[in-house]
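Q: Right, I'll just put the structure down here and ask away after.
Quick note: the coordinates plus some simple rules give every number you see, no bench work behind them. Quick caveat, the model's predicted, so the values are computed rather than measured. Every residue, glycine among them, receives a Cβ derived from its backbone with ideal geometry; neighbour counts consider all protein chains shown.
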Amino acid sequence: MTRIVPSLAAAFAPVLATLLSATPAHATDGYFLNGYGAKAKGSAGAGIAQPQDALSVAANPAAAIEVGHRLDAGFEVFVPDRGASIRGNGAGLNGSYNGNGANPFVLPEIGYVRPLSDNVAVGLAIYGNGGMNTTYKANPFAAFGGTGPAGVDLKQIFITPTIAVRVAPGHSLGVSPVVVVQGFQARGIQPFSAASQAPGAFTNRGTDWSAGAGVRVGYLGKLSDSFSLGAFYQSRIWTGRFDKYAGLFAGQGGFDVPASYGAGIAVKPVAALTIAADVKRIEYSDIASVGNPLSVLFTGKPLGADNGPGFGWRDITVWKLGATYAASPSWTLRAGYGHSQNPVPASETLFNVLAPGVVTHHITAGATYTTPSGLELTAFAMHAPGQTVRGSGSIPAPYGGGEADIRLGETSFGLSAGVKF
């Protein structure tokens, strides 16, 4: 332990560097990840009331009290299948377009928790919150004058130091200051710059970076050996503007992270089996650049203006149900199912050709093998079946009318290693 703890900075640094250079694709909760830590991901992401490893503090800061002294690190390989079709357009956009010009994506994560006493624990987690990526080698907007590949690339890296306190037997509270570093670039959407208040800060400007901060608080109650409750609230994360894209995002490049909150339960019907269920709400519509509809453009507000047009995403509720079964002292098995509402209305599919975050179901499986030395090796797999949203009134008459249909499916798998001290 004395050799490991001083080297934590060295362990976290390459993960942070990799996250900054990685390109997260769509996640299954809109553009949020469906879970944090390989163990939770194996059970559909359910983890608010079932802490299993050091990354559990990303779902609920109060979990730091329950996981003990441990270090967990892993990675996820993410393979999205995204695309679009345009029909009935009078300006020449009709066709089917493949957005998979970049695949796959690798996303690492790392977490460390250490008790300071029986009633206080601290931790640190670094992970990708999610993101979106599309790369259309055949530009869907070429008939308008779009040149080169089209698409967007958003990545968000969260850094969350955590402190948790046991306030009464079985009841803990936790708080995590949340620091986010995010990068964004857009390519090939030149035709829409004519509707921007800053057409020179709209597309093909390379990756721009911004940073910001917020807070996450959590509660975890172990009401008995077989029943736990948990809840969390994460504030809106106020970030700096993407200056290179001040003509694209509302508020001169604003792109804050929306608030989210949720609750969970974990029940042990028998000693070896845990059933966990979570519900979470994500308030996408409160972020103008994400939630405002494209129709704002035709009320006199250009792209990039204060409270200007956005991607039209609505708030969503997410449900997760997971099972964890301790088959033996060496093997733990997991499975789960998650369902989320679709954030993209049928009327908003034109801009969301760039960001088709529309999957609504995912299934998962996973397992942990504990070696004789105590090293925990965890693997998981996730599949989100392809989902299509057919446009309805989606392409305004000034852009030739017709409809844009968008689609997304996802597959991922991951590995992690964990050690208790």
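Q: Output the relative contact order of the chain, whole-number percent, from Cα pairs under 8 angstrom with separation of 6+ residues. Provide the component values of the computation, followed by the final result.
A: Numbers: 1384 pairs, mean separation 76.5, N = 421.
Reported relative contact order: 18 percent.
Q: Continuing with the same structure: Please report S295, S85, S196 as a ranked list, fewest other C-beta atoms within 10 angstrom at the top and most at the bottom. Mind showing how you got there, number by number?
A: Details: S295 13, S85 19, S196 22.
Ordered from fewest to most neighbouring Cβ atoms within 10 Å, S295, S85, S196 come out as S295, S85, S196.
Q: Mind sorting L321, L294, L303 by how few other Cβ atoms lie within 10 Å of their own Cβ, fewest first?
A: On the way: L321 17, L294 23, L303 27.
Placing the least packed residue first, the sequence is L321, L294, L303.
Q: For a quick protection proxy, order the peptides 385-393, 173-181 by their average other-Cβ count within 10 Å, most packed first.
A: The most tightly packed comes first, giving 173-181, 385-393.
Q: Give a residue-ordered list of calculated ³J(HN,Hα) values for segment 269-274 (Karplus: 6.51 cos²θ - 1.76 cosθ + 1.60, θ = phi - 60°; whole Hz; x for Gly, Pro).
A: x, 9, 4, 8, 10, 10
Q: Next up: Can you give me the long-range amide H partners of N307? Hydrogens built in the peptide plane at 1.01 Å from N, cutoff under 5 Å, separation of 5 or more residues or another chain.
A: G251
Q: Could I ask something else about it? Arrange the following residues from fewest to most other Cβ atoms within 10 Å of their Cβ: W319, W313, W331. The partial results should precede the final answer.
A: Values: W319 16, W313 26, W331 12.
Ranked by crowding around the Cβ, least crowded first: W331, W319, W313.
Q: Restricting things to Cα coordinates, could you compute the convex hull volume per residue of segment 372-414 in Å³? Walk me through the intermediate numbers first.
A: Numbers: hull volume 3.6 nm³, N = 43.
In segment 372-414, the Cα convex hull volume per residue is 83 Å³.
Q: Of the peptides 345-354, 100-109, 257-266, how do they stack up when ordered by the mean number of other Cβ atoms within 10 Å, highest first? Before the final figure, lay out each step's value.
A: On the way: 345-354: 23.1, 100-109: 18.8, 257-266: 21.1.
Descending mean neighbour count gives 345-354, 257-266, 100-109.
Q: Can you compute 3J(HN,Hα) from phi for each residue in segment 126-132, using the Karplus curve 6.51 cos²θ - 1.76 cosθ + 1.60 with θ = phi - 60°, rounded to whole Hz and x for Gly and Pro?
A: Using θ = phi - 60°, the values come out as 10, 6, x, 6, x, x, 8 Hz.
Q: Let me ask another. When the gyration tensor of segment 221-272 is built from Cα positions, what are the square roots of 5 times its three eigenvalues, in whole Å, from largest to smallest? Walk me through the numbers before you get to the answer.
A: On the way: eigenvalues 369, 18, 9 Å².
Each semi-axis is √(5λ); the values are 43, 10, 7 Å.
Q: With an 8 Å Cα cut-off and a minimum separation of 6 or more residues, compute the relative contact order for segment 160-212 in percent.
A: That works out to 33 percent.
Q: Also, I was wondering about something else. Whose amide H sits under 5 Å from the amide H of N204, counting only residues 5 or more places off or on another chain, with H placed in the peptide plane?
A: Counting only residues 5 or more places away or on other chains, the set is A186, R187, G188, I189.
Q: In the neighborhood of A138, defined by Cβ-to-Cβ distances under 15 Å, what is the net charge if each Lys or Arg adds +1 and each Asp or Glu adds -1?
A: Result for the neighbourhood of A138: +3.
Q: Go ahead and estimate [θ] at 222 nm for the chain from helices alone: -39,500 (n - 2.57) per DSSP H run with n ≥ 4, summed, over the residue count, rounded to 500.
A: On the way: 4 runs with 27 residues, N = 421.
Helices in the chain give a 222 nm mean residue ellipticity of -1500 deg cm²/dmol.
Q: Further question on the same structure: Would you grab the residues whose amide H sits under 5 Å from the one on V257? Only those 5+ places off in sequence or on another chain, please, with H modelled 1.01 Å from N.
A: It is I237, T239, by chain and number.
Q: Within 13 Å, Cβ to Cβ, of A288, how many net charges do the neighbouring residues add up to if Lys/Arg are +1 and Asp/Glu are -1?
A: That sum, taken over residues with Cβ under 13 Å, equals -1.
Q: Out of every Cα-Cα pair in segment 313-421, what percent are more than 22 Å apart?
A: Values: 2936 of 5886 pairs.
Pairs farther apart than 22 Å: 50 percent.
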